[in-house]
1. Check 122, 130 and return the single one that is at pLDDT 95 or above, more than 24 Å from residue 41 (Cα to Cα) and crowded, with 18+ Cβ neighbours inside 10 Å.
2. Would you check if residue 93 is surrounded by 11 or more Cβ atoms within 10 Å (Cβ to Cβ), closer than 20 Å to residue 45 by Cβ and free of Cβ contacts under 8 Å to residues at least 40 places away in the same chain?
3. I need a count of the residues in the range 67-96 that are closer than 15 Å to residue 26 by Cα and in contact with a helix residue (DSSP H, G or I) (Cβ under 8 Å, 6 or more places away or on another chain).
4. From 55, 49, which residue is exposed (fewer than 12 other Cβ atoms within 10 Å of the Cβ) and at pLDDT 95 or above?
5. Restricting the range 97-119 to residues that are surrounded by fewer than 17 Cβ atoms within 10 Å (Cβ to Cβ) and without any contact (Cβ under 8 Å) to a residue 24 or more places away in the chain, which is farthest from the chain's Cα centre (by Cα)?
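The values are calculated or read from the model by the stated rules, or taken from the named source; none is laboratory data. Quantities reported herein were computed from a predicted structural model and do not represent experimental measurements. Quick reminder, even Gly has a Cβ in these numbers, built from the backbone with ideal geometry, and neighbours come from all protein chains shown.
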């Protein structure tokens with residue numbers, strides 16, 4: 001299946017249908033990023049014949065969604081923070097691979113900016129969630 005530039009941008013930018021209405025924002029956004037990363041991986045391997053960086057991007061770009069799911073079922077507040085910290089690291093790694101794909105001309109400016117903006121938004125939500133949970137952990141309980 002041959003994709004032209006316009007179709008490619010539309011596939012990468014296309015937002016998946018919401019999993020469930022009123023769901024957790026981080027859960028939904030990290031899932032949507034994972035879907036976009038899978039679509040981008042397919043494009044990079046099928047159309048651009050790029051296999052090394054795209055595989056790294058696939059791994060790191062789908063991991064935040066998985067870690068957010070794990071955090072939702074964390075065994076303790078400390079485990080919750082740990083799981084989100086891993087999601088934060090993987091989101092940062094995803095940003096690296098996107099930057100490298102852009103700098104090496106596998107992604108044009110519009111494609112790069114669109115998906116990178118999603119990683120920035122997810123990074124902000126993760127950081128905020130970690131900070132909020134840590135503050136709650138450090139707040140003495142009233143008796």
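1. Details: 122 fails: more than 24 Å from residue 41 (Cα to Cα).
After ruling out the rest, the residue left standing is 130.
2. On the way: surrounded by 11 or more Cβ atoms within 10 Å (Cβ to Cβ): yes; closer than 20 Å to residue 45 by Cβ: yes; free of Cβ contacts under 8 Å to residues at least 40 places away in the same chain: yes.
Considered against the rule, which asks whether it is surrounded by 11 or more Cβ atoms within 10 Å (Cβ to Cβ), closer than 20 Å to residue 45 by Cβ and free of Cβ contacts under 8 Å to residues at least 40 places away in the same chain, residue 93 comes out as yes.
3. Residues flagged as closer than 15 Å to residue 26 by Cα and in contact with a helix residue (DSSP H, G or I) (Cβ under 8 Å, 6 or more places away or on another chain) within the range 67-96 amount to 16.
4. Only one candidate qualifies: 49.
5. 105
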